[in-house]
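Nothing in this text is a laboratory measurement; each read-out follows from the coordinates by a stated rule. What you see is a predicted model; the values in this text were computed from it and never measured. Glycine gets a Cβ as well: all are built from the backbone with ideal geometry, and neighbour counts include every protein chain shown.
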Amino acid sequence: MTFTLRPAFSTDAAAFHAVMMAAGMDPRSSWTRTTVGDIARSLSLGGGFLACIGETAVGCVSFRPDGVETLTLNKLATLPDVRGQGIGAALVQAVEQVAAERGYKLVLLAVSQYNLDALPFYGRLGYVVDAAAEYSFRSPTSPRPVVLVKAVPNPLTKAVT
Ligand SMILES: CC(C)(COP(=O)(O)OP(=O)(O)OC[C@H]1O[C@@H](n2cnc3c(N)ncnc32)[C@H](O)[C@@H]1OP(=O)(O)O)[C@@H](O)C(=O)NCCC(=O)NCCS
C-alpha cells in the first residue's frame with residue numbers, strides 16, 4: 001500500500017495521539033499516559049511527521065532539539081495492520097533528514113525498559129546504544145530508558161572516490 005509522509009503540526013495532535021494509543025505499547029510505559037495536549041506541546045517545541053494512507057494517519061514521529069548538537073526522536077509508532085512495509089523506517093529517516101538539514105550532529109532516542117523488543121529495529125537503521133548519554137525528556141517516574149544515538153552525516157562532507 002502506498003503511503004505518504006507529511007509534516008505534523010499541533011493541529012494534528014489528536015490524529016497523532018490516536019496512532020500512538022493504537023500502537024499497543026506496554027501499559028507500564030509512560031507512553032500510554034501521553035495526552036493530546038502533551039503531543040501538541042511537543043510538536044510546537046520541535047516538529048514531527050505523520051505517515052498517511054489516503055487521508056488516514058497510520059504512522060507518527062516527533063522530534064525535539066536538546067541543545068544545539070542533538071535532535072531527539074520521540075513517539076515513533078505505526079498502526080499494527082500496516083507494519084513491516086517500511087513506514088517506521090521512513091519516519092525515522094524523515095527525522096534524520098531534518099537533523100542533517102538543520103546542522104545537528106546527533107539523533108538521539110530512548111527506548112523504554114518495557115519496549116526492549118524495539119531495539120533491533122533501531123539497530124538495523126544504524127543506531128547504537130550509548131550508556132553514557134542522557135535522554136533529557138525522560139519521564140521522572142519511569143525506569144531509566146536505553147538511549148541510542150546515530151551520528152548525522154555532515155552534508156558538506158563529500159565522498160572522495
Ligand atoms: C517500531 C515500529 C514503529 C516499526 O514500524 P514498522 O512500520 O513496522 O517499521 P518498518 O516496516 O520500517 O520495519 C519493520 C521491521 O522492524 C521490526 N520490528 C519493529 N518493531 C519491532 C519489535 N518491537 N520487535 C521486533 N522487531 C520489530 C519488524 O520485525 C520488521 O522487520 P523485517 O523488516 O525484517 O520484517 C512499530 O513496530 C511500532 O509502532 N511499534 C509500537 C510502538 C513502538 O515500539 N515505537 C518505538 C518506540 S521506541
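Exposure proxy shown here: for ARG124, ARG28, ARG64, the number of other Cβ atoms within 10 Å sets the order, fewest to most, as ARG124, ARG28, ARG64.
Each residue, ARG124 and THR141, gets one label point 7 Å from its Cα in the Cβ direction; the gap between the two is 3.4 nm. With the convex hull of its Cα atoms as the shape, the chain has an orientation-averaged projected area of 10.2 nm².
Put in order of Cβ neighbour count within 10 Å, fewest first, the listed residues GLU55, GLU101, GLU69 become GLU55, GLU101, GLU69. In terms of its C-alpha gyration tensor, segment 48-93 comes out prolate, because a/c is 1.5 or above and the ratio a/b outweighs b/c. For the pair ARG102 and ALA22, label points projected 7 Å from Cα toward Cβ lie 2.7 nm apart. Amide H to amide H, which residues 5 or more places from LEU50 or on other chains are under 5 Å from it, using H placed in the peptide plane? Amide H neighbours of LEU50, under 5 Å, 5+ apart: ARG6, ALA8. Exposure proxy for PHE63, PHE9: other Cβ atoms within 10 Å of each Cβ, ordered fewest to most, give PHE9, PHE63.
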